[in-house]
Structures are given as structure tokens and as C-alpha cells.
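Participant: Mind having a look at this structure? Questions to follow.
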Amino acid sequence: MTTPATIAVLGLGNVLLGDDGVGPYVVEQLRARYELPDNVTVADLGTPGLGLTAHLSQAEAVILVDAVAAKGEAGELRFYGRDDLNRLPLNPRVSPHDPAVQDAFWLMDLTGDAPREVLVVGVIPERLTLGAGLSDRVRCACEPAIEAILGELARLGACAAPRARPGVPDLWWMAA
Amino acid sequence: MARITVDPITRIEGHLRIDAVVDGGEVQKAWASCSMWRGIETILLGRDPREAWLFTQRFCGVCTTVHAIASVRAVEDALGMEIPLNAQYIRNLILIAHALHDHIVHFYHLSALDWVDVTTIPQADPVKTAALAESLSDWTRNSDKEMKQVQTKIIGLVQSGQLGIFANGYWGHPAMKLPPDVNLLAVAHYLQALEFQRKANQIVGILGGKTPHIQNVAVGGVMNAINLNSLGALNMDRLYMMKDLFDEVIPFVQQVYFVDAIAIAALYADWFDVGAGVKNYLSVPDLALDPASTKFDLPGGTIFDGDLASVHPITSSRDEYFRKGVTEDVTHGYYEGRGAQHPWQGETKPDFTDFQDDGKYSWVKAPRFQGKPMQVGPLANVLVGYALGNELMKKWTDIALAKVSEIAKRPITIDKMHSTMGRLLARAIRTVVLSELALRHWELLVKNITGGDSTSYRAPSFPKGEVQGVGFHEAPRGTLSHWVVAKDGVIANYQAVVPTTWNASPRDEGGTPGPYEASLLKNPVADAEKPLEVLRTVHSFDPCMACACHTLDVEGRTIATVKVL
């Protein structure tokens, strides 16, 4: 595999809805604690609709971090590639939130700018109720999630190194 | 008789549900409901009002900027603050660019495929498609070569049996009427639109620092450092980068989106007779032109009973007509109590029951203006502007209606705008108006900066005791208002009355339905299993239940899409 020219690590989820904020939490930790090669961008995208395509189209490889509604215990990790996403049905789109991750990839297939490498690092949430902050089980899943991202980056030829002086992650929504 | 439930559980929670009873090929009664608690404002209680915008920006991942700006406006209103002119212009440019992006996405990617049958495209003739396109518009990307390329892509999809992004349409539905050439043209522009909505969003990024969550807003102005010669600041380079992007997006809006909306409206002219619903309209003034926010480029006001002569202006957020007019009724919402309260007194105490046709059935409260349901959105914005004699609104509305009438070969007048198609056409009219205002506000900003003003922020100060304010914004989906009460510098109450709560409002204490519910009465339904026509009317409002969460559903449940009982 040739090394992708650009890699995006994208956190998805609503930081005001409990464990749905796991994506933003993980990417902020990653950004604060690791020195990443210049071709890697990290972003907290919140809960985008088709706005996602703008961020996906700029990268040859993407790693998405998101809460996933999968069978299993809260805090377990699940990994998905593009083939897994392709198997998901498209649902009716009523509001601009409804186009899901798979819709964004389908759309980009049509325009020819879909990233060629896709990994979803999914975390099974415990609660998605109103309130900022993660449940204990999901917080414990964040270190393995970061390890998984670092592993994928290494596979893509982008080696991250721990910062000599780690920064403080910008988790403004967690402040009391 | 059949009962249809459209219930897309794509995000598990926080979505819109529509129920309709269909008999004799028409909807006889409808309910609009939201399935998630909307008390997200309670997260703000006890916080510093200067930080509220950071949180409100996360209410909705699609309309981030609008909630940020409405929030700082609410706090500034509570403090009676003026903000620097540069801050007004910069905010206006962000709001315009966001709206251009959002309206383009709505038309092409969220609603066009209700009217355009992708599966007929293999029968289209790309040469005739290009000739048709060139007869309608000067757009440079309508060549037969371009059309042929798009057709080849679609033929590939259709032959593979994998329709990809088009997999979930109601293809071959009897309500689909466009000839294959028009369908091909629309899908060619659907693909081009992806490119231009991104460019519009890049403008938001240049000013806001990042998208989707802008970083530059503050109570008291914006945090953009302005220095024409400094690399890190808002300088000439960035101003012209922004202008170049507008110069690409504006022709797309004027020569493609506006033209396509007119063509679809004319070819489906019978949809000007469907979906009027609530003919009371509310819109607020926006694009402020002075530090005190008393002069605006877009006017606001109310219209009752569809009578344009009844128009009553809303002059600013200080206008008591607006401040006192708004209430929220919880009779049919999953909240404690009955009746209506003003947002500053509003409570958000959940009282969940099941879906009860005649009882509580939605997490949306029922906003009312002077006790009446109001329709908000581009149609309200256009009609109020038209009725108040706003020059740009009048100009573009008259152009659109003349062109639609010419193609439809029947007169489509302003009174036909109270309809499903009127809402779609009004959105295109508003977008083209905003595309003209974009350059005007860019010029105002550049002129003000080159005139020597580099101020963009004034620090707020909070008095002891209680203050209350309202901040509004005429957002892409309509009137948005944030209502804040601060006591000794911390938030004591916060209510966001968002556009979709006006439109998706449930019935109120008097049993009067909200705009979605009313607009669906008599809506045709050819096949209850495939309620395409219901989606047309619902989509025409551009629904957006704020506060979505983003859990990826990997089990691939196909999901109570449409249920006929």
C-alpha cells in the first residue's frame, strides 16, 4: 500500500449527550498527547449531516471515532471498514441529520473523491442522555480506542509519538 | 382507510415522526411528533452567559453557527450592548455563507429526489438535455459532454443493481412526472451542488476559524483580529479569498439553483395547490447594519391568514411586539401542565406518556405568536419582505413567478405561494437574494476596515441582579430565538425556540394544529405504502430536529421506515 498523502482522524458525536461525546473526547486526547505527522489532521466534527463530505473529501484515508449502536457491552470497541458500511441500508432522509456516514461515502463514490482507506473505531455507549461527560465504562474504553487509532496510523505509514510534554486536552464541555 | 407512520430512526433518538390517516387518496388528519426530549437548554443553567454559545452551538450539528450567533445576541440584548460594526458585518457574512450552503444542500441533496426520478436517466438524451439547459441558463457547465458523463455514471449504478446513494428513493412512483432529460439535468446539478455547498462553507471557515464549529464569536462582537498587513489576522488576502469563493458560489445560485427551482416548480405546478396549512407567517429582521442592531437589510414581521396587507413589521429584538408575542404551549407536549408560558418564564419539566392521538404526543412544545400557530422559514421571510416592499425580495419573487407562469403556461401569482411548491420556490428566492447581499456585506466590511476601523470586540460587563434578553436570527429554517435570563452574571433560565418547533409544533390547548399537521390535510397519497407525496410536503419545510446525537447504527436495522396500519 502506498502511504496516503492525507489522513484525517475525525471524532463524531454530540458532546452534550453523554457517551455520544466519545468521538470528540478521544480525538481531543489524541491531539493533546501525541505528536502527529504533518499529513494527519484531527478534528471534532460534532454531529454533521452531509457536511461530513467536505472533511472526508480532503483525505485519502480516514479514521472515524463514533459511538455505535452494536450488540455488546457498553465500553466494548468495534471496528468497521468501508465494506461493513456498504452493507447498511439507507434510511429515509427527513431532516438534514438523517444522511448518515454511509450516505456520505456513497455520495462521494459518485463524485469520485471518496477516501480509499476507511476505519471506524466504534465504542458501544452506556447512556446517551442529556449531560456532558462519559460513563465510567466508556471512559475506560478511550485508551484502547486511542491505541487502535495509533495502530491504524502506523499501518498507514504515519507514526505518532507521545509528546514530551503532553498538552491539556481541550474538553471545555466537561468543565463544571 | 390507512394510517401511515413515517419514523426514520436513523439516529436512534431525536427525530421527527409523522403520522397521517389516509382515506380516499388524501390525508385526513396528521400529527407531527418529536421523539426526543428537547430540554437541552437545562445544561446551561448556572453557567457563565459568555460561554453559552459554545454549548448552544452543539445543539445541532447542522446549524451550529446559527445557534452560536443567536446566543451571543441574546446576552448582548440582555446587557443592552452595542457591538462594533466590523463584528456585525463579519457575523452577517458568516450567516449568509452558512445559509447559501444550507439552502443548496436542502434543494439538491435533501429534497430534489422527491421530484426527480433517477432511474429514468438511462432513457435521457444528453444532447437534448444540454440544449434544454442552455435555453434556460448561461451556466457554463451544461454541455452535452458533462451530461453524457453523468448519464454514464448513473447507467453504471442502475446496471449494477446497487443504486448507492440513490438506493432509498420511491422510483417509478406515479407522482414522478419529469421527462428523463430534466431528471438528468437535475442529477448533473445535484453533483455540481456538492462542490459549491463546500465552497460556501469554506467562507464560514475563513471567518469562523473552523467548521463546523466556529471559534470567533464572543458576547460583545467577534474575536477576529483585523489587520490588513498581518499574516495571522483578517487581512487583505483572506478578504479576497472569501470574495473569490463568493464569486464562484453566486453564479451557481443564480444560474443553476434558482433556474432549476423555477423549472421544477413549473413542471409540477399542481403542487402550488397543495400544502398551504397555516397561513400565519413569522420572520425576524436580520443582517444588522448598525452597532445597536436597529437597521437591517432583511426585514421581519408577521402576516396573518395569508393576507399580505395584514403585514406588521418587527423592527428589532427590542420590539415589544415580538418580545411579548411569543409563548410556548405544553398541552400536547410531554411536559408537565397545560397551556402556554412566555419563554423567559418557560419550564422544561418532562412528563412522558406514550403517543396519545388526543393527549400528549410530542417532545416539541407548541410555540405560538399572540396565541396563534405561525409558519416560519424562507416562505415567511419572502412573503413578509414582499409585503413590506423590500426591493430585493420583490424583484426576485416577481422574476420567479413570471418565469414559472411562462413555463407552466398558467398564471402562478403570489397567492399561490401558500403551498408546498411555494415553500420550495421561496427558498430559492431567498437564496438568490442572499447571494446579492453577500457581496454588499463583503464590500461594507472592506470599506469599514480600509476606512481605518479595526475594532471587532467590546468586553461585556454584567450587572448585579437579574437581566433578560432575546437574541434572534432568521436562520435557513426560519425564525430562531434564544431567550436568556441571567442573575448576578450566571444563567438562571435559557430557552431556545427553534424554527422546527414552530413548524413541527403539535396542537395547542385549543386543539389548533401546527404548520406540518395543517399542511398535510388533503395532501394526495397515491400509494399508502410509498407516501412520497407526504414526504414532499414535509421536506418542503426543511425539517431539522435539533439536538441530534450521532450514534452510528451498525446493526443495519431497517427500521420502522414507513408503517401502514
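What follows is calculated from the coordinates using simple rules that are stated; it is not laboratory data. On a predicted model such as this, the values are computed, not experimentally measured, just so you know. Methodologically, a virtual Cβ is constructed for each residue, glycine included, from the backbone with ideal geometry; neighbour enumeration extends over all protein chains shown.
Participant: Quick check on the stretch B:381-523: what does the Kirkwood estimate of hydrodynamic radius come out to from the alpha carbon pairs, in Å?
Facilitator: Details: mean 1/r = 0.0524 Å⁻¹.
Computed over the stretch B:381-523, the radius equals 19.1 Å.
Participant: So, in Å, what gap is there between the alpha-carbon centers of the stretch B:283-343 and the stretch A:19-74?
Facilitator: Here the answer is 39 Å between Cα centres.
Participant: Please tell me the relative contact order of chain B in percent, rounded to the nearest whole number, where contacts are Cα pairs under 8 Å and at least six residues apart. Each step should come with its number before you reach the end.
Facilitator: On the way: 1182 pairs, mean separation 149.2, N = 565.
The value is 26 percent.
Participant: By counting other Cβ atoms within 10 Å of each Cβ, how are B:Arg477, B:Arg47, B:Arg318 ranked from fewest to most?
Facilitator: Details: B:Arg477 30, B:Arg47 17, B:Arg318 14.
Arranged by neighbour count, lowest to highest, B:Arg477, B:Arg47, B:Arg318 become B:Arg318, B:Arg47, B:Arg477.
Participant: What is the order of B:Cys544, A:Cys140, fewest Cβ neighbours within 10 Å to most?
Facilitator: Details: B:Cys544 28, A:Cys140 12.
Fewest-to-most Cβ neighbours within 10 Å comes out as A:Cys140, B:Cys544.
Participant: Here is a further query. Could you calculate the FRET efficiency of B:Asn229 with B:Lys447 from 1/(1 + (r/R0)^6), where r is the beta carbon distance between them and R0 is 25 Å, rounded to 0.05? Walk me through the numbers before you get to the answer.
Facilitator: Details: r = 18 Å, r/R0 = 0.70.
Plugging the Cβ-Cβ distance into 1/(1 + (r/R0)^6) gives 0.90.
Participant: Quick check: Cα centre of the stretch B:170-215 to Cα centre of the stretch B:77-135, how many Å?
Facilitator: 7 Å
Participant: To continue, here is another question. Given the C-alpha atoms of the stretch B:250-359, compute the convex hull and give its volume per residue in Å³.
Facilitator: On the way: hull volume 23.3 nm³, N = 110.
Measuring per residue, one finds 211 Å³ for the Cα hull of the stretch B:250-359.
Participant: Okay, moving on. Net charge around A:Val42, counting only other residues with Cβ within less than 10 Å of its Cβ (Lys, Arg = +1; Asp, Glu = -1)? Mind showing how you got there, number by number?
Facilitator: Numbers: positive: A:Arg31; negative: A:Glu28, A:Asp44.
Around A:Val42, the charge tally is -1.
Participant: While we're here: Taking Rh as the Kirkwood radius, which is the inverse of the mean 1/r over Cα pairs, what is the Rg/Rh value for the protein assembly as shown? Before the final figure, lay out each step's value.
Facilitator: Working: Rg = 24.5 Å, Rh = 26.1 Å.
Ratio of gyration radius to Kirkwood radius: 0.94.
Participant: Within the stretch A:1-104, which GluC sites (Glu not before Pro) sit in a loop by DSSP and count at most 11 neighbouring Cβ atoms inside 10 Å? Don't skip to the answer; put the middle values down first.
Facilitator: Numbers: sites: A:Glu28, A:Glu35, A:Glu60, A:Glu73, A:Glu76; in loops: A:Glu60, A:Glu73, A:Glu76.
When the GluC sites (Glu not before Pro) of the stretch A:1-104 are filtered for loop state and at most 11 Cβ neighbours within 10 Å, A:Glu73 remain.
Participant: Turning to a different aspect of this structure: Suppose each label sits 7 Å from its Cα in the direction of the beta carbon; what would the B:Lys145-B:Lys395 distance come out to in nanometres?
Facilitator: 3.5 nm
Participant: Something else: What residue among A:Leu107, A:Tyr80, A:Ala164 has its Cα farthest toward the positive end of the dipole of the stretch A:7-169, where the charges are +1 on Lys, Arg and -1 on Asp, Glu, each on the Cβ?
Facilitator: So the residue we want is A:Ala164.
Participant: Treating the beta-carbon of each Lys and Arg as +1 and of each Asp and Glu as -1, no other charges, what is the dipole magnitude of chain B about its Cα centre, to the nearest 20 debye?
Facilitator: Details: 53 positive and 62 negative charges, 93 e Å.
With only Lys, Arg, Asp and Glu charged at Cβ, the dipole is about 440 debye.
Participant: Can I ask one more? Counting only other chains, and only Cβ atoms inside 10 Å, what mean value do you get across the residues of B:535-541? Write out the running numbers ahead of the final one.
Facilitator: On the way: counts 3, 0, 0, 2, 3, 0, 1.
Per residue, the average neighbour count from other chains is 1.
Participant: At R0 = 25 Å, how high is the FRET efficiency between B:Arg3 and B:Asp351 if r is their beta carbon distance? Nearest 0.05 is fine. If you can, show how the numbers build up before the last one.
Facilitator: Details: r = 25 Å, r/R0 = 1.01.
It comes out at approximately 0.50.
Participant: Listed highest first by mean packing, meaning other Cβ atoms within 10 Å per residue, what order do B:167-173, B:231-237 come in? Show your work: numbers first, answer last.
Facilitator: Values: B:167-173: 16.4, B:231-237: 13.1.
Packing proxy ranking, top to bottom: B:167-173, B:231-237.
Participant: Using +1 on the beta carbon of Lys and Arg, -1 on that of Asp and Glu, and nothing else charged, what's the dipole of chain A about the Cα centre, debye to 20? Please list the in-between numbers first.
Facilitator: Numbers: 14 positive and 23 negative charges, 30 e Å.
Value, rounded to 20: 140 debye.
Participant: Each label point is 7 Å from the Cα along the Cα-to-Cβ direction; what then is the distance between the points at B:His342 and B:Asp244, in nm?
Facilitator: Going from the B:His342 label point to the B:Asp244 one covers 5.1 nm.
Participant: Could you tell me which residue out of B:Ile262, A:Thr129, B:Ala504 lies farthest along the dipole of the protein assembly as shown toward its positive end? Charges go on the beta carbon: Lys and Arg +1, Asp and Glu -1, centred on the Cα centre.
Facilitator: Value: B:Ile262.
Participant: Go through B:Lys199/B:Lys243; B:Lys372/B:Lys416; B:Lys243/B:Lys447; B:Lys29/B:Lys360; B:Lys279/B:Lys349; B:Lys177/B:Lys395 and tell me which ones have a Cα-Cα distance over 19 Å in this structure.
Facilitator: Details: B:Lys199/B:Lys243 11 Å; B:Lys372/B:Lys416 22 Å; B:Lys243/B:Lys447 14 Å; B:Lys29/B:Lys360 16 Å; B:Lys279/B:Lys349 31 Å; B:Lys177/B:Lys395 30 Å.
Table pairs above 19 Å Cα-Cα are B:Lys372/B:Lys416; B:Lys279/B:Lys349; B:Lys177/B:Lys395.
Participant: Return P(r) of the stretch A:7-169 (all Cα-Cα pairs; 5 Å bins starting at 0; whole %; ordered from short to long distances).
Facilitator: Reading the bins upward from 0: 2, 9, 18, 22, 21, 16, 8, 3, 1, 0.
Participant: Would you mind getting me the FRET efficiency between B:Leu439 and A:Glu73? Use the beta-carbon distance for r and R0 = 35 Å, nearest 0.05. Working shown, then result.
Facilitator: Values: r = 56 Å, r/R0 = 1.59.
Efficiency, rounded to the nearest 0.05: 0.05.
Participant: Give me B:Ile491, B:Ile83, B:Ile407 sorted ascending by neighbouring Cβ count inside 10 Å, so fewest comes first. Mind dumping the intermediate values first?
Facilitator: Working: B:Ile491 20, B:Ile83 26, B:Ile407 15.
Ranking B:Ile491, B:Ile83, B:Ile407 by Cβ neighbours within 10 Å, fewest first, gives B:Ile407, B:Ile491, B:Ile83.
Participant: Same structure, new question: Rounded to the nearest 5, what % of the DSSP beta bridges within the stretch A:22-176 are antiparallel ones? Before the final figure, lay out each step's value.
Facilitator: Working: 6 of 13 bridges.
Expressed as a percentage, antiparallel bridges in the stretch A:22-176 total about 45.
Participant: If you don't mind, another one. Divide by every residue of chain B the summed helix terms, -39500 (n - 2.57) for each DSSP H run of at least 4, and state the resulting mean residue ellipticity at 222 nm, rounded to the nearest 500 deg cm²/dmol. Could you put the intermediate results ahead of the total?
Facilitator: Numbers: 15 runs with 208 residues, N = 565.
Counting only the DSSP helices, I get -12000 deg cm²/dmol.
Participant: So if a site counts as exposed when it's one of the GluC sites (Glu not before Pro), its DSSP state isn't H, G, I, E or B, and it has at most 14 other Cβ atoms within 10 Å, what's the longest stretch of chain B without one? Don't skip to the end; give the middle numbers.
Facilitator: Details: sites that count: B:Glu336, B:Glu347, B:Glu529, B:Glu555.
The answer is B:1-335.
Participant: A further question on this structure: Note down the net charge around B:Pro373, summing +1 for each Lys or Arg and -1 for each Asp or Glu among other residues with Cβ under 11 Å from its Cβ. Show your work: numbers first, answer last.
Facilitator: Numbers: positive: B:Lys279, B:Arg368, B:Lys372, B:Arg507; negative: B:Asp329, B:Asp508, B:Glu517.
Surrounding charge for B:Pro373 is +1.
Participant: Here's a follow-up. Please get the size of the charge dipole for the protein assembly as shown, origin at its Cα centre, with Cβ charges of +1 on Lys and Arg and -1 on Asp and Glu, quoted in debye to the nearest 20.
Facilitator: Working: 67 positive and 85 negative charges, 110 e Å.
It comes to approximately 520 debye.
Participant: Could I ask something else about it? Per 20 Å bin from zero, what fraction in whole % of the C-alpha pairs of the stretch B:2-564 is there, up to the bin with the longest pair?
Facilitator: Distribution as computed: 21, 56, 22, 1 percent.
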